[in-house]
Amino acid sequence: MQIPSTIRVEQSGDFAAVHALHDAAFDHNPAISALVCDLRTLDAPFPVISLVAVDDSDTPKGHVMLTHAWLDAWDRMIDVMVLSPLGVHPDAQGQGIGTDLIDAALRDADKLAVPIVFLEGNNKYYGPRGFKPAVTLNIRRPSLRMPDMAFQMKPLSAYTPDMTGSFVYRDVHWTHGVGLYR
Ligand SMILES: CC(C)(COP(=O)(O)OP(=O)(O)OC[C@H]1O[C@@H](n2cnc3c(N)ncnc32)[C@H](O)[C@@H]1OP(=O)(O)O)[C@@H](O)C(=O)NCCC(=O)NCCS
């Protein structure tokens with residue numbers, strides 16, 4: 001059944017539903033909700049972007065987060081953002097909600113003059129949504145154990161081609177989000 005959805009900023013009253021939808025989307029992996037919890041209070045140069053897609057009764061069916069990370073470039077550390085996690089409740093998948101959340105989050109990041117949004121994921125999904133493997137723009141992935149195709153980036157308006165170097169996750173991602181590569 002098609003679920004009508006609206007995208008808005010996540011509120012504290014959404015927290016339980018957001019955790020529940022990630023639990024359902026990520027096969028009850030508790031690391032995702034734990035990551036979301038810690039990311040909400042991340043101290044960073046950019047505010048956390050946390051958006052929900054809600055149904056007609058204002059219940060979150062999808063959630064996306066963009067949070068701070070660094071690009072360790074040849075002459076400076078550049079503040080960037082990473083898209084993680086993105087989850088859509090299994091009942092609502094395949095209806096464009098994930099795509100709409102990505103688009104809305106990228107628009108918000110562009111307004112903050114974030115130069116690049118990175119993510120780790122399947123290029124078959126993210127490629128048609130504007131992401132390309134970071135290696136193609138001379139940016140190194142955060143771990144040699146992460147496949148090149150999985151580590152992707154979306155340059156925004158503030159991007160310039162001299163932004164090359166190594167992507168650096170905040171500690172919270174290493175703790176919860178990228179355990180496979182630890
Ligand atoms: C991946 C996810 C966020 C997509 O959200 P969604 O609202 O279902 O996606 P959309 O409706 O915008 O897009 C649907 C398309 O994405 C494709 N797709 C969904 N998950 C995919 C995946 N893991 N890899 C490749 N393609 C995928 C679907 O086949 C569909 O393709 P089509 O448009 O050619 O039919 C959602 O399926 C989800 O939460 N999955 C489990 C959690 C997860 O893996 N999240 C992280 C992604 S790296």
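Annotations for the structure displayed:
- Hits in segment 79-93 - residues which are surrounded by fewer than 22 Cβ atoms within 10 Å (Cβ to Cβ) and more than 8 Å from the ligand (Cβ to nearest atom): Asp79, Asp91
- Subset tally (residues that are in contact with a His (Cβ under 9 Å, 6 or more places away or on another chain) and within 22 Å of Leu137 (Cβ to Cβ)) for segment 86-113: 1
- Residue within segment 69-79 that is among the aromatic types (Phe, Trp, Tyr) and closer than 20 Å to Pro155 by Cβ present: yes
- Leu119 within 19 Å of Ala53 (Cβ to Cβ), in a strand (DSSP E or B) and hydrophobic (A, V, I, L, M, F, W, C): yes
- Segment 124-158, residues that are surrounded by 21 or more Cβ atoms within 10 Å (Cβ to Cβ) and hydrophobic (A, V, I, L, M, F, W, C): Phe131, Ala134, Ile139, Phe151, Met153
- Options Asp108, Asp75, Asp56; residue that is under 16 Å from the mean Cα position of the chain (by Cα) and either more than 12 Å from the ligand (Cβ to nearest atom) or exposed (fewer than 15 other Cβ atoms within 10 Å of the Cβ) (or both): Asp108
- Yes/no for Gly127 being in a loop (DSSP other than H, G, I, E, B), within 27 Å of Thr6 (Cβ to Cβ), without any contact (Cβ under 8 Å) to a residue 60 or more places away in the chain and within 14 Å of the ligand (Cβ to nearest atom): no
Matching residues to (1) of a type in the set (A, V, I, L, M); (2) within 12 Å of the ligand (Cβ to nearest atom); (3) at negative phi; (4) surrounded by 22 or more Cβ atoms within 10 Å (Cβ to Cβ):
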site: Ala17; (1), (2), (3), (4): yes, no, yes, no
site: His22; (1), (2), (3), (4): no, yes, yes, yes
site: Ala31; (1), (2), (3), (4): yes, no, yes, no
site: Ala34; (1), (2), (3), (4): yes, no, yes, no
site: Asp38; (1), (2), (3), (4): no, no, yes, no
site: Thr41; (1), (2), (3), (4): no, no, yes, no
site: Phe46; (1), (2), (3), (4): no, no, yes, no
site: Ile49; (1), (2), (3), (4): yes, no, yes, yes
site: Val52; (1), (2), (3), (4): yes, no, yes, yes
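- Each residue in segment 70-116 was checked for being in a strand (DSSP E or B) and of a type in the set (Phe, Trp, Tyr), and 1 pass.
- Of the candidates Ser50, Ser5, the single residue that is among the hydroxyl-bearing types (Ser, Thr, Tyr) and closer than 20 Å to Trp174 by Cα is Ser50.
- Meets criteria (more than 13 Å from the ligand (Cβ to nearest atom) and either surrounded by fewer than 18 Cβ atoms within 10 Å (Cβ to Cβ) or not polar (S, T, N, Q) (or both)) for Val64: no
Values in this text are rule-based calculations from the coordinates and carry no lab data. These figures come from a predicted structure and were not determined experimentally. Positions of Cβ are generated from backbone atoms using ideal geometry, with glycine treated the same way; all protein chains shown enter the neighbour counts.
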